[in-house]
Amino acid sequence: MLGREDAKRMFTDNMGTPIALMLGRLGITPNALTVFGVVIAGSAAYLASIGQFWGAGAILLFSSVFDLLDGALARASGTVSSFGALLDSSIDRISEAVVFLGLLAYYLARDDNQGVVLVYLALAGSVMVSYVRARSEGLGIENKVGIMTRTERVFLMVGGLVIGHWAPVVLLVVLGVIAGLAMITTGHRLLHAAATFRKSE
């Protein structure tokens, strides 16, 4: 069965690398592509904040494809660096938080307490999934287990935003699913880390 990493690698090899090289020939650097991701996320967040969910979803989908290009360009041009990897991970977290901020602004403006709480829980869960992985890797453990990684969160959010434009309750359900499964994934990663530590002791 094709895993998420295999699918990403297949897309990058077949489509991402040629596009990235074309951008590189225009003088665009991998780090510039990474930082531009925040601008794209900001556009999606603004549209979400004014209730234009379908537009926010479309831009978020575009950004998810665009997000693969910086790494592809770095590898193809031989400019892979530790700072570039750190910048990419940091911008990913910021971009994700910015989109949630747009949704938070939307629900706050409408005094929708349910929406506010669900956005907060989804954001908190997403942060914890990424944090546990980063902290584990800092301690020498690879920790990519769990169902609700960033890839799944992005595609769920895209679907929730697009469908939620016409059926707002769907977006609330998606936020709840992201929150719940992100918390489960956090627990899964903590258990994985604990088991790995026990084996090494």
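The values are calculated or read from the model by the stated rules, or taken from the named source; none is laboratory data. Note that this is a predicted model, so its numbers are computed, not measured. Cβ placement follows ideal geometry from the backbone for every residue including glycine, while neighbour counts extend to all protein chains displayed.
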Do we have Leu69 as assigned to a helix (DSSP H, G or I) and in contact with a Gly (Cβ under 7 Å, 6 or more places away or on another chain) here? yes
Give the number of residues within the range 157-170 that are among the hydrophobic types (A, V, I, L, M, F, W, C) and either touching a Cys at 6+ places or on another chain (Cβ under 8 Å) or crowded, with 18+ Cβ neighbours inside 10 Å (or both). 5
In the range 156-170, how many residues are farther than 19 Å from Ile91 by Cβ and within 18 Å of the chain's Cα centre (by Cα)? 5
Considering only the range 58-77, I want to know if a residue exists there that is in contact with a Pro (Cβ under 6 Å, 6 or more places away or on another chain) and not small (Gly, Ala, Ser). yes
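One line per residue, one yes/no per condition, for (1) among the aliphatic types (A, V, I, L, M); (2) more than 25 Å from Ala105 (Cβ to Cβ); (3) modelled with pLDDT of 95 or more; (4) not in a helix (DSSP H, G or I):
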site: Leu21; (1), (2), (3), (4): yes, yes, no, no
site: Gly24; (1), (2), (3), (4): no, yes, no, no
site: Val39; (1), (2), (3), (4): yes, no, no, no
site: Ala45; (1), (2), (3), (4): yes, no, yes, no
site: Ala48; (1), (2), (3), (4): yes, no, yes, no
site: Gly55; (1), (2), (3), (4): no, no, yes, no
site: Phe62; (1), (2), (3), (4): no, no, no, no
How about the range 76-127: which of its residues are more than 16 Å from Ala48 (Cβ to Cβ), assigned to a helix (DSSP H, G or I), touching a residue at least 12 places away in the same chain (Cβ under 8 Å) and over 20 Å from the mean Cα position of the chain (by Cα)? Ala76, Ser77, Gln114
Please determine whether any residue of the range 125-134 is small (Gly, Ala, Ser) and over 15 Å from His188 (Cα atoms). no
Does Leu175 satisfy the condition of being part of a helix (DSSP H, G or I) and within 22 Å of Val65 (Cα to Cα)? yes
Condition (residue is modelled with pLDDT under 95, of a type in the set (Gly, Ala, Ser), assigned to a helix (DSSP H, G or I) and loosely packed, with under 14 Cβ neighbours inside 10 Å) applied to the range 136-151: is it met by at least one residue? yes
